[in-house]
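Take a look at the structure set out below.
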Amino acid sequence: MGAAMTLGGCGDPAKSQDPPIPQGPVPELRQIAPFPVGVAVSTLDIADPQLAGLIARQFSQVTPNWQMKMEIVLREDGGFDFSKADEIAAFARANRQRLFCHNLIWHQENPIAFQRLDGGGRDVFLNAYRNYITALVSRYRGQAVGWDVLNEPVAEDGNGLRDSLWSRNIGVEDYMLLAFQFARAADPDAVLLVNEYNLENNPQKLDTFLRLVERLLNRGAPITGLGNQSHIGIDTQPGASTRAMQALAKFGLPIHVSELDVSMGHRRLDLRSPAQKEALQSRRMAEVAEAFCALPAAQRFGFTFWGIRDRDSWLQRPPNGDGTDAPLPFYDDLRPKPAFYAVADVFRKA
Ligand code: XIL
């Protein structure tokens, strides 16, 4: 009897928390949700027939994972290479998905063509800056539903704004304002967003971000949406994602959950079982979904996962990880995880 109890796992608290494995067909998020459900994809993903099928079935919006970033699009000689970005745009068209473009200006992207102009005078730099933004936005005008115009402008610790190639050559907030103005001139219809992260975990950063958005709007920046990346973890405090969402929503602008993943962490001394961690992951993802679904319909721009299956996540590769994380909604064999079902349940009630 005692042995049977041990073998049966009755003594393991994690086991008793295991959610039942759902039966029947896998729910399709794009059919269930009354708003766009997106995913970040790479050209490798869409070239894999199994993955491509899943992306087409589940999602109504795609964001290029890195194919529209400066390092890919802007060649050393200042010319453009849109080949990879175009592949993703064509995939979206073929599958009747919205194309969400990411991103125009980011402190992490400092390509040679711009480095060459560093310190060479504001006018020359600004001219190249305008040309870059105009070229990208014009190319996808008519297809792109929106752009992350400005990515991660707030300093890492939340105190003040980032110093970057852009701020140094154009001006601390001028580079932001001008990016929005150039993007608007190139596409009158696209939703233009500022996209930021760690707004749940760092109240100072949230505050700095909100004040920045307010100042830019007051200066006339055509910001028409806010992106909350939502790279969170299983230890993100319950309620933190909800509070950040509500604070962001106060501007009345559409909100994009733009890069959702929930890290399971890499701590060697984590005594929690995989099942316990998956249950926490489900709760954290469900909270983000609930907070998003609680927004007025006009403010639900979209709900985007930063990838499909665990092994392809950016959190698996150095410097962000060592291959032991599992932050995404699908297992490597493409079975949906408990977190996927938790989000689907929330969407069903929206
Ligand atoms: C990551 C991509 O997923 C990686 O493939 C790439 O190498 C680095 O960038 N915030 C962002 C995204 O806005 O662009 C980042 O994406 C993840 C953090």
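The values are calculated or read from the model by the stated rules, or taken from the named source; none is laboratory data. Worth saying up front: this structure is predicted, and the values here are computed from it rather than measured. All Cβ positions, glycine included, derive from the backbone under ideal geometry; neighbour counts span all protein chains shown.
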Flagged pairs (Cβ under 8 angstrom, 6 or more apart or on separate chains; first in segment 154-178, of a type in the set (Asp, Glu); second buried (at least 16 other Cβ atoms within 10 Å of the Cβ)) are 157/202; 157/205; 173/161; 173/212; 173/216
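Condition check ((1) crowded, with 21+ Cβ neighbours inside 10 Å; (2) of a type outside the set (A, V, I, L, M, F, W, C); (3) within 16 Å of the ligand (Cβ to nearest atom)) across all residues:
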position: 273; (1), (2), (3): no, yes, no
position: 287; (1), (2), (3): yes, yes, no
position: 290; (1), (2), (3): no, yes, no
position: 305; (1), (2), (3): yes, no, yes
position: 322; (1), (2), (3): no, yes, yes
position: 345; (1), (2), (3): no, yes, no
One residue from 77, 86, 123 being assigned to a loop (DSSP other than H, G, I, E, B) and away from the ligand (no atom under 16 Å from the Cβ): 77
Can you tell me which condition residue 258 does not meet? The list is (1) touching a residue at least 60 places away in the same chain (Cβ under 8 Å); (2) surrounded by fewer than 24 Cβ atoms within 10 Å (Cβ to Cβ), and all the others hold. (2)
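Among the listed residues 166, 147, identify the single one that is among the aromatic types (Phe, Trp, Tyr), within 16 Å of the ligand (Cβ to nearest atom) and touching a Phe, Trp or Tyr at 6+ places or on another chain (Cβ under 6 Å). Explain how you work it out, then say what you get.
Working: 147 fails: touching a Phe, Trp or Tyr at 6+ places or on another chain (Cβ under 6 Å).
Of 166, 147, the one residue that is among the aromatic types (Phe, Trp, Tyr), within 16 Å of the ligand (Cβ to nearest atom) and touching a Phe, Trp or Tyr at 6+ places or on another chain (Cβ under 6 Å) is 166.
What is the residue count in segment 248-279 for residues that are among the aliphatic types (A, V, I, L, M) and in contact with a Leu (Cβ under 6 Å, 6 or more places away or on another chain)?
Count: 4.
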From the option list 214, 196, single residue qualifying as of a type in the set (Asp, Glu) and under 20 Å from the mean Cα position of the chain (by Cα) is 196
It is to be established whether one or more residues within segment 33-50 are within 16 Å of the ligand (Cβ to nearest atom), at pLDDT 95 or above, crowded, with 20+ Cβ neighbours inside 10 Å and not in a strand (DSSP E or B). yes
Of the residues 194, 213, which single one is of a type outside the set (Asp, Glu) and assigned to a strand (DSSP E or B)? 194
Condition first: closer than 20 Å to residue 225 by Cα, within 16 Å of the ligand (Cβ to nearest atom) and of a type in the set (D, E, K, R). Now tell me which residues in segment 240-267 satisfy that. 259
